[in-house]
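Beneath this line is the structure, given in structure tokens, with notes to follow.
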Amino acid sequence: MTLKYTVLGAGAMGLRFGVLLQELAGAKVDFVDNWAPEVKTIQQQGGVYVSRDHEDRHLVPIKIYSPEDYQGDPDVFIVFAKQMTLADLLKRSAHFFHPDHQYVFSGMNGMGHIEKINQYFPKEHVVAGTCLIGTVLNKAGDVDFIGKSGAGSINMAAQTEKADDRVKQIVADFTAANINPHLNNNFLGTLLTKVVFNSVINTICTLFEIQMGQFIDYDGSEKLGKQLINEAYDVAERAGIQLLSTREEEWQTIKYVSSVTNPLHYTSMYQDMSKDRPTEVDYINGYIYQLGKKYNYEASTHDFLRNLVHLAENTRKFRK
């Protein structure tokens, strides 16, 4: 029997997880969002418009609420907020949290969200994942799933690094929804491995406003990518964090996802930049740099790229 889910953060990835769980796994799913235009548009439309690779746009009925209007009691929350907005979303949602029996799964980019979630839920009820899945929110109430059905996958781990029956049921539901979860017992390694991935592809593609396939088409992409990977792995080794892949395997993952799985995808960081929203670069490249500083290591390329992204953010105001 499937669990009951509530998605906190009905952006691109939140909608993808929720819609797939609803349609393929037969789960009962509610959506909660703190972006008023998203809530209003979906309520007026009676659902969200879903496309796949820009085709077959159709309306999928879903139930969405503002945090203040929601009173549900799900088994599991799926959290996909932006790092900068998560604290506000959790605070506004706290009145329907019941940490004695509810669990939380989060697949957010970057680092910093687990500490915020732990303010409301014990680590025994927290699961985190990292998603190699491309999805675009075109506008309020309109989402595009990038890649063929079944494309992409997630690595996930319980914060305690021990999977109880509830965690196993979440994995089963995600499998039925064709999300392709892979459960392991390396919590920090799971999170940081995806941060390394994003520190290469999200940041570079955002700076040059290109798709992932356009990045990998450049014959110097491997040199650029491996410089960032090597710095990040140097940091992880000093911090005592065992990543899920070797340095070479991490590059091969970036290469495969960019060339085969999601070549047409514009990264989430670029989507934020293009809509004049703050990016999460401080929680990705910035996190790697700050973690390295704790161990007297200068991940200088990551710091340089972080500042280039902030420069690009700042210069957008001159385009108006």
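No lab work stands behind these numbers, since they all come straight from the coordinates. No experiment lies behind these values; they were computed from the predicted model shown. Because the Cβ atoms are built from the backbone with ideal geometry, glycine has one as well, and the counts that use them run over all protein chains shown.
What Kirkwood hydrodynamic radius do you get for the stretch 193-306 when you take the inverse of the mean 1/r over all pairs of distinct Cα atoms, in Å?
On the way: mean 1/r = 0.0711 Å⁻¹.
The Cα-based Kirkwood calculation yields 14.1 Å.
Quick check on the chain: helices-only [θ] at 222 nm, where DSSP H runs of length 4 and up contribute -39,500 (n - 2.57) each and the sum goes over total residues. Nearest 500, please.
Working: 12 runs with 138 residues, N = 320.
After summing the helix terms and dividing by residue count, I get -13000 deg cm²/dmol.
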- prompt: With the dipole of the chain worked out from charges on the C-beta (+1 for Lys and Arg, -1 for Asp and Glu) around the Cα centre, which of Ile64, Ile241, Ala140 lies farthest toward the positive end?
  reply: Ala140
statement: Expressed in nanometres to one decimal, the distance between label points 7 Å along Cα→Cβ at Phe208 and Ala176 is 4.4 nm
- prompt: Taking the stretch 1-81, which trypsin sites (Lys or Arg not before Pro) meet the DSSP loop condition and have no more than 16 other C-beta atoms within 10 Å?
  reply: Lys4, Lys28
task: Kindly express, to the nearest 10 degrees and within the range 0 to 90, the angle between helix 221-239's C-alpha long axis and the longest C-alpha principal axis of the chain.
output: 80 degrees
- prompt: Rounded to the nearest 20 Debye, what is the dipole magnitude of the stretch 1-69 about its Cα centre when Lys and Arg each give +1 and Asp and Glu each give -1 at the C-beta?
  reply: 140 debye
- prompt: For the chain, treating each Cα as an identical point scatterer without solvent, what Debye log10 I(q)/I(0) comes out at q = 0.06, 0.09, 0.15 1/Å?
  reply: -0.19, -0.43, -1.29
- request: With everything on Cα atoms, drop me the angle between helix 247-256 and the longest principal axis of the chain, reported from 0 to 90° to the nearest 10.
  value: 60 degrees
query: Helix 187-208: angle to the longest alpha-carbon principal axis of the chain, degrees 0 to 90, nearest 10?
result: 70 degrees
- prompt: For the stretch 211-266, rounded, prolate or oblate, judged on the Cα gyration tensor with a ≥ b ≥ c (square roots of eigenvalues), a/c < 1.5 rounded, else prolate if a/b > b/c?
  reply: prolate
- prompt: Rounded, prolate or oblate: which one fits the stretch 33-162, using the alpha carbon gyration tensor with axes a ≥ b ≥ c (rounded when a/c is under 1.5, else prolate when a/b beats b/c, else oblate)?
  reply: oblate
Dipole of the chain, positive end: most advanced residue of Ala299, Thr267, Ala36 [Cβ charges, Cα centre]: Ala36
message: Explain nothing, just the number: dipole magnitude of the stretch 99-250 about its Cα centre with +1 on each Lys and Arg Cβ and -1 on each Asp and Glu Cβ, in debye rounded to the nearest 20.
response: 200 debye
message: Starting from the 7 Å offset along Cα-to-Cβ, what nm value, one decimal, do you get for the label separation of Leu311 and Ser149?
response: 4.7 nm
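Based on the Cβ-Cβ distance of Lys4 and Phe318, what FRET efficiency does E = 1/(1 + (r/R0)^6) give at R0 = 41 Å, to the nearest 0.05?
Details: r = 48 Å, r/R0 = 1.17.
Calculated transfer efficiency: 0.30.
So if we plug the beta-carbon distance of Asp73 and Asp219 into 1/(1 + (r/R0)^6) with R0 = 51 Å, what FRET efficiency do we get, rounded to 0.05?
In this case the efficiency is close to 0.40.
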- request: Pop the C-beta distance of Glu237 and His95 into the FRET formula with R0 = 41 Å and round what comes out to the nearest 0.05.
  value: 0.45
query: For Lys255, which aspartates and glutamates qualify as cross-link partners when the Cα separation must be under 19 Å and same-chain residues fewer than eight apart are set aside?
result: Glu209, Asp217, Asp219, Glu222, Glu231
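With the Cα gyration tensor of the stretch 104-238 in hand, convert its eigenvalues to equivalent ellipsoid semi-axes via √(5λ) and list them largest first in whole Å.
On the way: eigenvalues 149, 83, 38 Å².
The answer is 27, 20, 14 Å, longest axis first.
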statement: Long-range amide H partners of Val79, meaning residues 5 or more apart or on another chain whose placed amide H is closer than 5 Å, are Leu8, Phe105, Ser106, Gly107
message: With the crude spin-label approximation of a point 7 Å out along Cα→Cβ, what separation in nm comes out for Glu23 versus Asn296?
response: 5.5 nm
Under-22-angstrom lysine pairs by C-alpha in the stretch 1-144, whenever the two are 8 or more apart or on separate chains: 19
query: Taking amide hydrogens as modeled 1.01 Å from N in the peptide plane, which residues meet the under 5 Å criterion relative to Tyr65, leaving out close sequence neighbours?
result: Phe31, Val32, Asp33
- request: For the chain, give the magnitude of the charge dipole about the Cα centre (Cβ charges: +1 Lys/Arg, -1 Asp/Glu; no others), in debye to the nearest 20.
  value: 440 debye
